[in-house]
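Since the structure comes first, as structure tokens, the remarks are kept for the end.
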Ligand SMILES: Cc1cc2nc3c(=O)[nH]c(=O)nc-3n(C[C@H](O)[C@H](O)[C@H](O)COP(=O)(O)O)c2cc1C
């Protein structure tokens, strides 16, 4: 392995679920995704572990399956920025990242809310810019409008640029200046209602993997939240994205790459493996296995036996059975891949789903996990990790108690917060207001 950066330290973030089905809600240790005490627990643990930030995922429409709420998901949760403002009052240094969609919001309103969070938290705000644009989500909004896939990053890029104009329109310590933005997506002018925040601009995170997504991140984001959590895929993604930065006049360190990863700890390697297998079985119940398959096949498969073989019928590529999900590739190709996997290893439906959807990244003793994470960062497969615990909200406790001290011993993670703002934790410069006159004339 290329160990070219023996002293590189990593960044860490704690993920609180918004839409996904990583959390084993059936586990008696899982608690509410609505009560403030849950958010507070995870945030306080992350801050005790000196994490860079707390990350809140979010969807704008409850996903449905066959006309019913998709009960594997987080079904209902308070809105991100509101939760983070409350967390700002019970934490001191931890960054606070909200997932907010550019397709269904407006720059003036969102820029105001994010600048407010930056003020109330003393410079700890971050915005995870997401672009999910499906018509199903669009039905929740007054205009019912949504964007073609091709246009969503066009809107996102102009949205972020416009938000930056708004933040920059109020110079450091000065009076509010005027802004005047005219572009294909937005034509707005006036004076911005919130003074420039402590960070200048909140930290911008991007989550999305397409060509357009990567280009958008390379031009405008400070962090990428990626799914590429294996060493090989991570290195390829890392090299690809870092290479793109130069085209936008940016340095490699200006954009941090942070895959979302899971972890399972045990006192021995064997115990950790057994726990990991048990978690996968909990995450993929017989019922979940069939629902997951239906999301690909797009047809009712309730008559199939989860412990039997995969369906021999072809998927319906135009199905509306599962709504609100981002589709990853052609369902026929995915079905063929899963069939091949099942045949090769002799797996049932449930076993195939467990095997094919498993995203367990780091499994082992605390020493082994600390070692592997450190090697990962030093091999330039990531700049850090967004940890996705399988229990909400207590799933990070063990990591902070047992792995963080080992990372610190290895010189791979900070031993105290040196700055107060999230930009300082991440080693990112503070943007200077440049383009607008102080008196707004
Ligand atoms: C790791 C990761 C996390 C994401 N989290 C969210 C989320 O919480 N809410 C949301 O609406 N979309 C989320 N998305 C979806 C992206 O914003 C985007 O719409 C989707 O990945 C499709 O974009 P792409 O074609 O560029 O990949 C996430 C995507 C990734 C890769």
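What percentages make up the Cα-Cα pair-distance distribution of the chain when the bins are 20 Å wide from 0?
24, 58, 17, 1
Report the paramagnetic label zone for residue 230: residues of segment 270-300 whose backbone N is under 19 Å from a point 7 Å from Cα along the Cα-to-Cβ axis.
Correct set: 273, 276-277, 280.
Between residue 330 and residue 161, what length in nm is gained on full extension when 0.36 nm per residue of separation is reduced by their alpha carbon distance?
Contour length minus the Cα-Cα distance gives 57.6 nm.
Give the calculated FRET efficiency between residue 416 and residue 37 to the nearest 0.05, with a Förster radius of 25 Å applied to their Cβ-Cβ distance. Let's see the in-between values first.
On the way: r = 27 Å, r/R0 = 1.07.
It comes out at approximately 0.40.
Relative to the longest principal axis of the C-alpha atoms of the chain, give the angle of the C-alpha long axis of helix 366-378, reported between 0 and 90° and rounded to the nearest 10°.
50
Extending each Cα 7 Å along its Cβ direction at residue 243 and residue 90, get the distance between those two points in nm, one decimal.
If labels sit at residue 243 and residue 90, their model points lie 4.6 nm apart.
Between residue 187 and residue 277, what is the label-point separation in nm under the 7 Å Cα-to-beta-carbon projection?
6.5
Can you work out the PRE-style zone for residue 27? Point 7 Å along Cα to Cβ, and I want the residues of segment 247-278 with backbone N under 19 Å.
Within reach of a label on residue 27, which here means backbone N under 19 Å from a point 7 Å along Cα→Cβ, segment 247-278 contributes 260-278.
Rounded to the nearest 0.05, what FRET efficiency do residue 180 and residue 429 have when you use their Cβ-Cβ distance and R0 = 22 Å?
Working: r = 26 Å, r/R0 = 1.20.
Calculated transfer efficiency: 0.25.
Compute the whole-percent fraction of alpha carbon pairs in segment 11-55 spaced more than 12 Å apart.
Values: 632 of 990 pairs.
Across segment 11-55, Cα pairs with separations above 12 Å total 64 percent.
Give the shape of segment 269-357 as rounded, prolate or oblate, defined through the alpha-carbon gyration tensor: a ≥ b ≥ c are the square roots of its eigenvalues, a/c under 1.5 means rounded, and otherwise the shape is prolate if a/b is larger than b/c and oblate if not. Working shown, then result.
Details: a/c = 1.87, a/b = 1.66, b/c = 1.13.
Prolate shape, in that a/c is at least 1.5 and a/b is the bigger ratio.
Quick check on the chain: of the DSSP beta bridges with both residues there, what percent are antiparallel, nearest 5%? Each step should come with its number before you reach the end.
On the way: 10 of 43 bridges.
So the antiparallel bridges amount to about 25 percent of the total.
Over the chain, calculate the relative contact order: mean separation of alpha carbon pairs under 8 Å at least 6 apart, over the residue count, as a percent. Intermediate values should be presented prior to the final figure.
Values: 855 pairs, mean separation 110.4, N = 441.
Answer for the chain is 25 percent.
Could you compute the FRET efficiency for residue 320 and residue 345, with r as their C-beta to C-beta distance and R0 at 51 Å, rounded to 0.05? Intermediate values should be presented prior to the final figure.
On the way: r = 32 Å, r/R0 = 0.63.
The computed FRET efficiency comes out at 0.95.
Calculate for the chain the 222 nm mean residue ellipticity that helices alone would give, adding -39,500 (n - 2.57) per DSSP H run of length 4 or more and normalising by residue count, nearest 500 deg cm²/dmol.
Values: 15 runs with 168 residues, N = 441.
Calculated at 222 nm, the ellipticity per residue is -11500 deg cm²/dmol.
Quick note: the coordinates plus some simple rules give every number you see, no bench work behind them. Note that this is a predicted model, so its numbers are computed, not measured. No Cβ is skipped: glycine too gets one built from the backbone with ideal geometry, and neighbour counts run over all protein chains shown.
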